[in-house]
Amino acid sequence: MHTLVAHSAILIIAIPLLAAFLTPLISRVSKKARDILVIATLVFVEFLVIILAKDIYLNGIHIYTLGASSPSLTIPEHYMVPVRIILEVDAMSIFMGIISATVSLAATIYSISFMKEETGGDRFYTLLLLLVVGMLGLEFTGDMFNMFVFLEILSISGAALAAFRTRFADALEGGFKYIVISAVGALVILFAIGIFYSQYNLLNIAALAQAMQYTMLDKIALALLAMAFTMKLAGVPMHMWAPDTYSVAPAGTTPMIYIASQACLYGLFRTCFTLYGVTLNTATIGWIVIIIGVLSMFVGVTMAVHQSDVKRLMAYHAISQSGYMLLGVGVGLAVLGNPEALASYGREAMSGGIFHIINNALYKGLLFLTAEALFFRLGTRDLNKMGGMCRNMKYTSIFFIIGALAISGIPPFNGFTSKLMIYESVYRFNPILSVIAMLVSIITLASFTKAFQAAFTGPALPQYKDVKEVPKPMLIGMGILTIIIIFFSLFPGLIVNSIVNPATDALINQATYINAVMGGL
Amino acid sequence: MASLAFWNPIACIIAFVVLVAIIYLFRSRGQKKYKKGTAQTQIFLSGEKPPDAEQRHIRAHNIYWGFFQALKQYYDPTIKAHTGIINDYIIWFITLVAVTAVILFIVWLT
Amino acid sequence: MTGTIFNIPFLAVAALVGIALYIIISQRNLIKLVMGITILESGVNLFLITLGYRAAGIAPIYTNAPEGVMVLPVPQALTLTSIVIGVATTALMLSMIMLTYRHTGDIDSEKSRRMKG
Amino acid sequence: MSKIVRTISNLLILFILTFGLYVIMHGHLTPGGGFQGGAVFASGIALLIVAFGSYNIQKKLKEHHFSILESSGAMIFIGLAFGGIATVFFYNFLVGSPLFGHIPPPGSNPGDIWTAGIIPLMNIAVGLKVIAGLSVIVLVMALASSKIEIEE
Amino acid sequence: MRKTTAVISLGIIIAILIATALLIHPFGHPPSQMDDYIIENTQSETGANNAVTSVVFDYRGFDTLGEATILFTAVTGVVMLFRRKRQPTDV
């Protein structure tokens, strides 16, 4: 057990990778064995993430130096800078890791019945596992270039998955847009990494953070990095790829591609808080993040109300919800240089924003899955053609209601908790921002009322008389997320204290992150 | 957590249970003569034949029509900006990079 | 700012990246768009590889190495990684364009578009 | 393609493939390595596809052959990385052992192929993977452009 | 409107790039604290004469694993895109 914990950081990345390489071989033997392999891998990853999380909350940051003679030997003997790639898992990384592992597990179980009706299943599962690898690697790595490599894994597998239903022209369009955006964004990030390398001859995040002098070149690199990550997480006005991609991605992968974009949110936070930290003029970049967040909230939700395609509607909501996270964490970033304001409301705003990531991942994932269930049974995403589905798909409509109430911030669901934290703390920073956030929440409820009314209520339409409830694996996938949502709704205090606050502190305390690698040098 | 001190999900659950109980009370006091499958469940429209299910259902694009009309000045340019052309997405990106860099530069100057 | 004249390789990088961005934002033909991304990639690769050059350096390989200071090995490794990533991305993009062309009969980013708003 | 092209390719292919294998095998001593050598080798296969047409090649070299080769290459690579997990993932556990474990004399030396631990083995694994990967990309895209559907 | 914005932004980006080229270290004289360690110790630690290969497969081997994974992903993606379809296509 002790050995497992010591190696868990790398195993979380390497085991799904090994399974992904094995999947094409196994599926030549048996389709059933393949499904079992994929599910078992993800369950094992979830287990490893949980034991690693436990270890991190007890013993602090987990360090793993790849290829050294000992995992904790970050810097070679008699030398002053790290040379090898280091995995550095702190409370924030493992927080994102928990989200990725959980949502991926639910989404994969959901995908099983979808794949029975499509060809190319072995490729699908391979790409699915690679997407998980990309997300977890991006979250766990402590090296800039390694982060770029995992960003590319995530982008390429995500784009291939989005284009999976090649019989539709729009699927290819969505996949193509995603990969172009990702390629340009990733190359810009690589350029910024080159700028760091030219100045400090370092690639490790902690070592770079220690050496950071905030020169003119660092400012340029900051602009490039922050905007590239913002584009990848679909912040307005660089969000337009998101509805195109999310709406065409096949069953179960939409939540995963969405969580992958949340991993890029992690990349943005890591850049701003850990890489630059207090050397950065935090008020400026904090305000930039806040403005993008507010724009995302408002434009996302107003465009969502207007949509008549159910998955596009939800994709715009995904953009709008990312705005809350950017707003909450942006307020924390703006007051990072001011310890008094940080203690009185900045930290709580950040906690709200970070708590919103996990809440949103859960209910947004659930909503994407219900939308996909509608598409699976009706063969259309157009809300104008739907109606009366309450009668045919009872469980799906219950899941939809729970998800819709949670996303609209209706108490007692978990969306309310995090939104309340954001409202309260942002109000003390700037009341107008808080008012906009509440307004957006109301429009969110309005738009989900519209979606529910159009799809689930109304008279039984004759053309959908024979529509049945979705198969069991789909219900299990949605059920897992629903149960977690209800658990989070009932015990928000527990969640906030045990996993959210450590993540917030991990972002704020840059010195801890640096010392874990540099050893106080 | 200061913000959570006054708010407890258990209170909401209790309120929800009470609400369900009240609804059940109302429902139990309703007409006992109601039977499914008889003329009672049919739609009554002053003796006219009710329209088809297709016609009765309010479609998604009809909902909030007034809202969109009132905000036409906001919606028209916004929807027009969502061109769906990949080149425009990159234009937005490089614009944002340029704006951010300029802002950081100006802040550094002052 | 000393030795500005020797920074010509970096100016070449700037030119390549600028040209690539111009192509990406101005060309509606999807194949040309992919070409733009490939040029952008070349620009970034050139940037990485020029970072590692040391004046009068030799390749960092000890097999029958002549005397002299060695250039930095890490940028070369990074460039190698970046090139392979570029190949992978380009292959996937071109396949998607081929299939898009089969569906829509067009490789213009405006005419082959199905989704907007 | 014309007869001239086919004859010349038949002659050249041997040299290209040999050179590719040489680059893969000597990655730890001379410029090159698994990726570069694999690319050279795959360019030989691409030459075959161009010269003889994807339809004729596809009868002999099926897509799933390459898939298996690629998966095995990847498995060997990650397996070698896992081999060091008793110490650390990616630990070079072969340095000092008889297999590829010699330590070269410091400074300039003529080069000894039995050095560098797991690096030559990883070069071979990556070489296999790159050969299979690039060939399958070229083959599949060539088949698709001539509207031949591949077998699952 | 769109054209003007694009041209202005592109101009600013190119200005940034040129500024980068002028501000960066003089060509041929990079800082080298990390690379010096690798050049000095590649033979004793990994036994490889070729420092680049030792970086690729040893010091930064995990990147190479990721890179091989990317190639694998792309191949999987391309084969998946051109797979045989059961359903008819909508054109």
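The values are calculated or read from the model by the stated rules, or taken from the named source; none is laboratory data. This one's a predicted model, so the numbers in the text were calculated from it and none came from an experiment. Every residue, glycine among them, receives a Cβ derived from its backbone with ideal geometry; neighbour counts consider all protein chains shown. Note: accessible area is taken over every heavy atom of the protein model, side chains too, but ligands, DNA and RNA are not part of it. Shrake-Rupley method; radii C 1.70, N 1.55, O 1.52, S 1.80 Å.
Considering only region C:95-110, I want to know if a residue exists there that is under 26 Å from C:Ala20 (Cα atoms), at pLDDT below 85 and buried (at least 21 other Cβ atoms within 10 Å of the Cβ).
Yes, there is a match, as at least one residue in region C:95-110 is under 26 Å from C:Ala20 (Cα atoms), at pLDDT below 85 and buried (at least 21 other Cβ atoms within 10 Å of the Cβ).
Within the set of pairs 6+ apart or on separate chains, which have a first residue in region C:69-92 that is more than 7 Å from chain E (Cβ to nearest Cβ), a second that is modelled with pLDDT under 90 and in a strand (DSSP E or B), and C-beta atoms under 9 Å apart?
C:Val69/C:Ile58; C:Val71/C:Ile58
If you go through region C:28-48, how many residues are more than 8 Å from chain A (Cβ to nearest Cβ) and open to solvent by 10 Å² or more (accessible area, probe 1.4 Å)?
Total satisfying the criteria: 10.
Which residue pairs have Cβ atoms under 7 Å apart, sit 6 or more places apart or on different chains, and have a first residue in region B:31-45 that is open to solvent by 80 Å² or more (accessible area, probe 1.4 Å) and a second that is at pLDDT below 75?
Every condition considered, the pairs that remain are B:Tyr34/B:Gln40.
Tell me yes or no: at least one residue of region A:231-243 is in a helix (DSSP H, G or I), more than 28 Å from A:Thr126 (Cα to Cα) and not charged (D, E, K, R).
no
If D:Ser135 satisfies every condition in (1) surrounded by fewer than 24 Cβ atoms within 10 Å (Cβ to Cβ); (2) under 16 Å from E:Phe72 (Cα atoms); (3) among the polar types (S, T, N, Q) but one, which is the exception?
With respect to (1) surrounded by fewer than 24 Cβ atoms within 10 Å (Cβ to Cβ); (2) under 16 Å from E:Phe72 (Cα atoms); (3) among the polar types (S, T, N, Q), D:Ser135 is out only on (1).
Restricting attention to region E:36-86, report how many residues are within 21 Å of A:Ser70 (Cα to Cα), free of Cβ contacts under 8 Å to residues at least 12 places away in the same chain and in a helix (DSSP H, G or I).
Within region E:36-86, residues that are within 21 Å of A:Ser70 (Cα to Cα), free of Cβ contacts under 8 Å to residues at least 12 places away in the same chain and in a helix (DSSP H, G or I) number 12.
Considering only region D:63-70, I want to know if a residue exists there that is facing chain E (nearest Cβ under 9 Å) and among the hydrophobic types (A, V, I, L, M, F, W, C).
Checking region D:63-70: at least one residue is facing chain E (nearest Cβ under 9 Å) and among the hydrophobic types (A, V, I, L, M, F, W, C).
Answer yes if at least one residue in region C:69-76 is open to solvent by 10 Å² or more (accessible area, probe 1.4 Å), within 24 Å of the chain's Cα centre (by Cα) and under 29 Å from E:Thr73 (Cβ atoms), and no otherwise.
Yes, there is a match, as at least one residue in region C:69-76 is open to solvent by 10 Å² or more (accessible area, probe 1.4 Å), within 24 Å of the chain's Cα centre (by Cα) and under 29 Å from E:Thr73 (Cβ atoms).
Looking only at region D:67-87, how many residues end up being in a helix (DSSP H, G or I) and more than 24 Å from D:Val140 (Cα to Cα)?
Counting residues in region D:67-87 that are in a helix (DSSP H, G or I) and more than 24 Å from D:Val140 (Cα to Cα) gives 11.
Does A:Ile288 qualify as being open to solvent by 10 Å² or more (accessible area, probe 1.4 Å), assigned to a helix (DSSP H, G or I) and either touching an Asp or Glu at 6+ places or on another chain (Cβ under 6 Å) or not polar (S, T, N, Q) (or both)?
Criteria met by A:Ile288.
Within region D:89-108, is even one residue open to solvent by less than 60 Å² (accessible area, probe 1.4 Å), not hydroxyl-bearing (Ser, Thr, Tyr) and not in a loop (DSSP other than H, G, I, E, B)?
Taking every residue of region D:89-108 in turn, none turns out to be open to solvent by less than 60 Å² (accessible area, probe 1.4 Å), not hydroxyl-bearing (Ser, Thr, Tyr) and not in a loop (DSSP other than H, G, I, E, B).
Condition first: within 8 Å of chain E (Cβ to nearest Cβ) and either within 30 Å of E:Ile39 (Cα to Cα) or among the β-branched types (Val, Ile, Thr) (or both). Now tell me which residues in region C:18-27 satisfy that.
Selection gives C:Ile25 alone.
Among the residues of region E:21-35, count how many are in a helix (DSSP H, G or I), surrounded by 16 or more Cβ atoms within 10 Å (Cβ to Cβ) and more than 7 Å from chain C (Cβ to nearest Cβ).
Residues in region E:21-35 being in a helix (DSSP H, G or I), surrounded by 16 or more Cβ atoms within 10 Å (Cβ to Cβ) and more than 7 Å from chain C (Cβ to nearest Cβ): 1 in total.
What number goes with the only condition from (1) more than 30 Å from C:Ile97 (Cβ to Cβ); (2) open to solvent by 10 Å² or more (accessible area, probe 1.4 Å); (3) part of a helix (DSSP H, G or I) that C:Ile25 does not pass?
C:Ile25 satisfies all of (1) more than 30 Å from C:Ile97 (Cβ to Cβ); (2) open to solvent by 10 Å² or more (accessible area, probe 1.4 Å); (3) part of a helix (DSSP H, G or I) except (1).
Considering only residues of region C:49-68 that are open to solvent by less than 30 Å² (accessible area, probe 1.4 Å) and under 13 Å from A:Phe191 (Cα atoms), which is nearest to the other protein chains (Cβ to nearest Cβ)?
C:Leu51
Quick test for you: out of A:Phe150, A:Phe145, A:Phe191, A:Phe168, pick the one residue that is within 7 Å of chain E (Cβ to nearest Cβ) and open to solvent by 10 Å² or more (accessible area, probe 1.4 Å).
A:Phe168
Quick check on D:Phe19: is it free of Cβ contacts under 8 Å to residues at least 60 places away in the same chain and open to solvent by less than 50 Å² (accessible area, probe 1.4 Å)?
No.
Give the residues of region D:69-108 that are under 20 Å from A:Leu66 (Cα atoms) and β-branched (Val, Ile, Thr), sorted by residue number.
Once the filter is applied, which keeps residues that are under 20 Å from A:Leu66 (Cα atoms) and β-branched (Val, Ile, Thr), region D:69-108 yields D:Ile76, D:Ile78, D:Ile85, D:Thr87, D:Val88, D:Val95.
So the check is Cβ under 8 Å with 6+ separation or different chains; which pairs have a first residue in region A:16-39 that's farther than 18 Å from A:Val133 by Cβ and away from chain D (no Cβ under 11 Å) and a second one that's open to solvent by less than 20 Å² (accessible area, probe 1.4 Å) and hydroxyl-bearing (Ser, Thr, Tyr)?
A:Ala33/A:Ser27; A:Asp35/A:Tyr125
Within region E:44-55, can you find the residues that are open to solvent by 10 Å² or more (accessible area, probe 1.4 Å) and within 10 Å of chain C (Cβ to nearest Cβ)?
E:Val52
How about region D:24-39: which of its residues are within 7 Å of another protein chain (Cβ to nearest Cβ), buried (at least 24 other Cβ atoms within 10 Å of the Cβ) and closer than 24 Å to C:Ala88 by Cα?
D:Gly27, D:Gly33, D:Phe35 - these are the residues of region D:24-39 that are within 7 Å of another protein chain (Cβ to nearest Cβ), buried (at least 24 other Cβ atoms within 10 Å of the Cβ) and closer than 24 Å to C:Ala88 by Cα.
Can you tell which of A:Arg347, A:Arg428, A:Arg381 is of a type outside the set (A, V, I, L, M, F, W, C), within 14 Å of chain B (Cβ to nearest Cβ) and closer than 19 Å to A:Met297 by Cβ?
Exactly one of A:Arg347, A:Arg428, A:Arg381 is of a type outside the set (A, V, I, L, M, F, W, C), within 14 Å of chain B (Cβ to nearest Cβ) and closer than 19 Å to A:Met297 by Cβ, namely A:Arg428.
Being touching a Ser or Thr at 6+ places or on another chain (Cβ under 9 Å) and within 8 Å of chain B (Cβ to nearest Cβ) narrows it down to one of A:Ala406, A:Ala446, so name that one.
Step by step, each of A:Ala406, A:Ala446 is checked, and only A:Ala446 is touching a Ser or Thr at 6+ places or on another chain (Cβ under 9 Å) and within 8 Å of chain B (Cβ to nearest Cβ).
Scan region A:360-374 and give yes if some residue there is in contact (Cβ under 8 Å) with a residue 40 or more places away in the chain and assigned to a loop (DSSP other than H, G, I, E, B), otherwise no.
Within region A:360-374, not a single residue is in contact (Cβ under 8 Å) with a residue 40 or more places away in the chain and assigned to a loop (DSSP other than H, G, I, E, B).
Just checking, which of D:Ile45, D:Ile118 is more than 7 Å from every other protein chain (Cβ to nearest Cβ), hydrophobic (A, V, I, L, M, F, W, C) and open to solvent by less than 10 Å² (accessible area, probe 1.4 Å)?
Being more than 7 Å from every other protein chain (Cβ to nearest Cβ), hydrophobic (A, V, I, L, M, F, W, C) and open to solvent by less than 10 Å² (accessible area, probe 1.4 Å) holds for just one of D:Ile45, D:Ile118, which is D:Ile118.
Any idea how many residues of region A:197-229 are facing another protein chain (nearest Cβ under 10 Å) and either farther than 20 Å from B:Val107 by Cβ or among the small types (Gly, Ala, Ser) (or both)?
14
So which pairs qualify, if the first residue must be in region A:455-482 and within 10 Å of A:Tyr110 (Cβ to Cβ), the second must be surrounded by fewer than 17 Cβ atoms within 10 Å (Cβ to Cβ), the Cβ gap must be under 7 Å, and the two must be at least 6 apart or on different chains?
Filtered contacts from region A:455-482: A:Leu475/A:Tyr395.
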